[in-house]
Amino acid sequence: MKPQSLLAIILLFSVLTACTKPGCDPGMMNGSMSLSGKWQLVQDSISNSWLKTAPVITNYIGGAGDYFDFRSDGFCYTKEGDAYDTLAYKQVSSKSIIMQNFGLVINGATEPSVVAQTSTTADITTQNILSPSGTIFREVKLKR
């Protein structure tokens, strides 16, 4: 075996087995991360604007015990204040997630929400929902 081939195999093996940080998914080795695990809720807001710059309709600021917990069983357990909820979810890609009761439902199918994520933060934003007074969207900000 040539030294270059052996080096390439060692490097590939190291990359595949070194993924131990929370949110690191060896199946998504394109630099993307997974939402799995427990996240602290920073903010949950619903806004009304064509450009996502206008009035906030509701704005919940997360408290110390508030969370979104994305589990491997396909459910996200949430706590906001005294309210607990369980949402079915599927992370379609590193930048897209489908969550039950979270966003626009067309013909019985929930539209994917956009995920912007770093190793310590995640923002989930629904698709715009058209209403007579503009577009409405929900944005959840999370941190580890």
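Tallying residues that are farther than 26 Å from residue 131 by Cβ and surrounded by fewer than 13 Cβ atoms within 10 Å (Cβ to Cβ) within region 91-107 yields 1. Scanning region 49-65 turns up no residue that is surrounded by 14 or more Cβ atoms within 10 Å (Cβ to Cβ), of a type in the set (Ser, Thr, Tyr), within 11 Å of the chain's Cα centre (by Cα) and within 22 Å of residue 38 (Cβ to Cβ).
Residues in region 108-127 that are surrounded by fewer than 19 Cβ atoms within 10 Å (Cβ to Cβ) and within 16 Å of residue 46 (Cα to Cα) were compared, and the one that is modelled with the highest pLDDT is 123.
Pairing each residue of region 74-88 that is more than 12 Å from residue 64 (Cα to Cα) with any residue that is in a loop (DSSP other than H, G, I, E, B) and open to solvent by 60 Å² or more (accessible area, probe 1.4 Å), provided the two are 6+ apart or on different chains, yields C-beta distances under 7 Å for 77/71; 87/100; 87/101; 88/100.
The values are calculated or read from the model by the stated rules, or taken from the named source; none is laboratory data. In this text, all values refer to a predicted model and were calculated from it rather than measured experimentally. Here Cβ is always computed from backbone atoms with ideal geometry, including for glycine, and neighbour counts include all displayed protein chains. Side chains included, ligands, DNA and RNA excluded: accessible areas come from the protein's heavy atoms. Shrake-Rupley method; radii C 1.70, N 1.55, O 1.52, S 1.80 Å.
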